[in-house]
Amino acid sequence: MTVETEKLKEENQCLSQELKQRLFELSVLYDISNSISYTLNYDDILRFIMDSLYKIIDYDLCISLIVSEEEKKAKMAVRIAHPLKTEVIDSAKRKVLSALNNLRGEAVAEEELAMDFKGELAEAGSPLQSIISSFDVPLFLRDKAVGILSVSSVKNVFYSDDDIKLFYTIASQASSAIERLQSVLAAEKSKMKIMVERMSEGVIMFDEKNQVVIFNAAARDILGYYHQELDAAALLKFFHESGLSNPPDAVKKKVCFPPIKEIYMEKPSARIIHVETNCIQDETEKPLGVVMVLRNVTKEREIERMKNDFVSLVSHELRTPLAAMKGAAENLLEGITGSLNQSQNECLLLIERNIDRLNRLISELLDISRIEAGRIQLNKQQLDIAALASDAIGFLQKIAEEKGIKLSSSFTAGLPRIQADADRITQVITNLVGNALKFTLSGGSINVNIFREGDFIQTDVIDTGSGIPTADLEKIFDKFYQVSRPGAKALVKGTGLGLSISKGIVEKHGGKIWAESELGKGSKLSFTLPIKEVAL
Amino acid sequence: MAKKILLVDDEPDIVTTIKMRLEATGYEVTVATDGNTAYNKAKSENPDLIILDLMLPDMDGYQVCRLLKFDQRYKNIPVIMLTAKSQKEDKEWGEKVGADCYITKPFDLKELTAKIKELLEGKDA
């Protein structure tokens, strides 16, 4: 009885032990199948399987070898559980490779293998080792052998039927995962291909060897490739002559210059094409080539041109009646038509002042439309910016005095002369100082500093006005933007174009313009002009 | 004898204001409102100075100016170009066809009369 009980107990223990083992194996298996369902990468799958295998099968060395038909590449991964000698690993690797070559009937050379190695090598002088137990399972993909999973040990381990069964299960899991992965990749690829092909933007991709990889329908349409064969060399020559960077150069430098360019084409019909060029790399920063996104902007440019012509025409038509009005008011003010009493005189001055204001507005509208159309012309000459600034400031001195503002300037002596448009730069300085005058209260001061800053000449206009809220610092150069500043009177009303025009002028010269400010303390508006002329 | 000025502009209101000022200043004013008339009057009325608008019917101000300036008989008559065009190249064109002075609209009548005086005196000297 006791013996029976003992035996039963023992058996029970054994069973529960086995159950535990099975449960553990199952959980690992579950883990593997779960994770390979979510990964889309061969390396990840194999790595995961090999690492999981270690939990259930006692191995010293695990090797996986897999051939990717599509990429024509073979990849071998080696995991070592305990330090092994190089010779042992090498012979195991060769064995796995030849086993796969036998299975597939075509040879993969050892040199073509991409290797992924993880583990420790045994120190020199350690006792001799050799593989004692091992077994391999093939990985099949649609009945074709694509790989081998192999485990081996330098110890005398007994791999049970259960171990082998489990190993086969894992291998078949891996196979089906790879199969799934391949079909997902293929589907994904064709989805992307269809998407790119049907995009409304033209897309062209060159690899680093100047081969055309993508050339979608919109690109064919934009470039007028309706029937003729794609001639990559001619296409590259055209892009190169249009001033775009050569794909191999761009790949080498990892940057495309210019990134955005509008190119003009005469055939098959006149058109303007907006080209955005980008270097692309994979996640390991390996360059893949150059992608160009093309857009036909002929219509947009035409509309812009019409808009600008319209603005010019309207401005001209507005100026003529204003000229007549101004002339008539002037004649009256001059007393040509008889003498005026004081209120008549005041009324006429008011009319004249407002005619002038309208005229200024028209000039500014014209300027901004020219700047936007890129048609602003600079009449560049050698000029002394300090002398120019002195004149402009002198002109504004009267207004400053009337407002009770101290307007002063300080220029570094011996500044180099620069190539610039005197009228336009005067306009910028007048705008900036005029702007400061608007926002500075009586008793305040405005300082204009001109100095050299590297390859540039910088002009700072510093006021003690109300300041500009940080959020508005960028916006003040926008068209029609008017900052509502505390303390600024309703009288302070410009067109909101002055700073925007100044920005256009400065940038056309190759300089920069920006603002700094502290609310309540004042603002600093600065601009730079290059000492050496820059090609724009 | 009062100096005679040929005023050419197709805008009647501009003509009125300028004419009023010039006559008040003491000049004799004769008017043309298109290019052909302007050219013919310049030849037949022998003005001492011409104020010439650019945008004119028939023949534009550039053409009128060029025809006169390339003719030995009339090339010494000073020409003031008056226009609403203010682009740099317009100005350069004006200089190429031989205009003596280029004033853009909107202009000051004071500025205009000062320029006239200067040109007429320069011619006499």
Using a 1.4 angstrom probe on heavy atoms only, work out the carbon and sulfur share of the accessible area of the protein assembly as shown in %. 54
Apply the membrane-span-like helix rule to chain A: whole DSSP H runs, Cα extent along the own long axis of at least 24 Å, mean Kyte-Doolittle hydropathy at least -1.0. List the helices found. A:2-38, A:86-104, A:161-198, A:298-333, A:342-372, A:385-403, A:422-439
Under a crude label model (7 Å from the Cα following the beta-carbon direction), how far is B:Ala2 from B:Met55 in nanometres? 3.1
Scan chain A and report its longest stretch carrying no GluC sites (Glu not before Pro) that are both in a DSSP loop and have at most 14 other Cβ atoms within 10 Å. A:286-473
Would you mind classifying the stretch A:353-433 by shape? Square roots of the alpha carbon gyration tensor eigenvalues, ordered a ≥ b ≥ c; an a/c under 1.5 is rounded, otherwise it is prolate if a/b is larger than b/c and oblate if not. oblate
Can you pull out the buried accessible area for chains B and A, both sides counted, probe 1.4 Å, rounded to the nearest 100 Å²? 1800
Cross-link partners among aspartates and glutamates for A:Lys406, C-alpha distance below 13 Å, same-chain residues fewer than 8 apart left out? A:Asp463
For the protein assembly as shown: accessible area per residue (Å², 1.4 Å): 55
Leaving out ligands, DNA and RNA but keeping every protein chain, what accessible area does A:Met195 have, in Å² rounded to the nearest 10, with a 1.4 Å probe? 120
What is the sum of charges, Lys and Arg at +1 and Asp and Glu at -1, for the other residues whose Cβ falls under 14 Å from the Cβ of A:Asn210? -1
Within straight cross-link reach of A:Lys475, meaning Cα distance under 14 Å, which aspartates and glutamates are found once same-chain residues fewer than 8 apart are removed? A:Glu516
Select from the stretch A:152-247 those chymotrypsin sites (Phe, Trp or Tyr not before Pro) which occupy a DSSP coil region and have at most 10 other Cβ atoms within 10 Å, ordered by residue number. A:Phe158, A:Tyr226
Only loop residues by DSSP count here, and only those with at most 14 other Cβ atoms within 10 Å; note down the trypsin sites (Lys or Arg not before Pro) in the stretch A:240-286 that meet that. A:Lys254
Within 10 Å of each Cβ in A:332-341, how many Cβ atoms from other chains are there, averaged over the peptide? 2
Computed from the beta carbon distance with a Förster radius of 30 Å, FRET efficiency for A:Leu19 and A:Asp44 to the nearest 0.05 stands at 0.45
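The values are calculated or read from the model by the stated rules, or taken from the named source; none is laboratory data. None of these values were measured; they are calculated from a predicted model. When we count neighbours, we look across all protein chains shown, and the Cβ atoms used for this are built from the backbone with ideal geometry, even at glycine. For the accessible areas, the whole protein counts, side chains as well, though only heavy atoms, and no ligand, DNA or RNA atoms are used. Shrake-Rupley method; radii C 1.70, N 1.55, O 1.52, S 1.80 Å.
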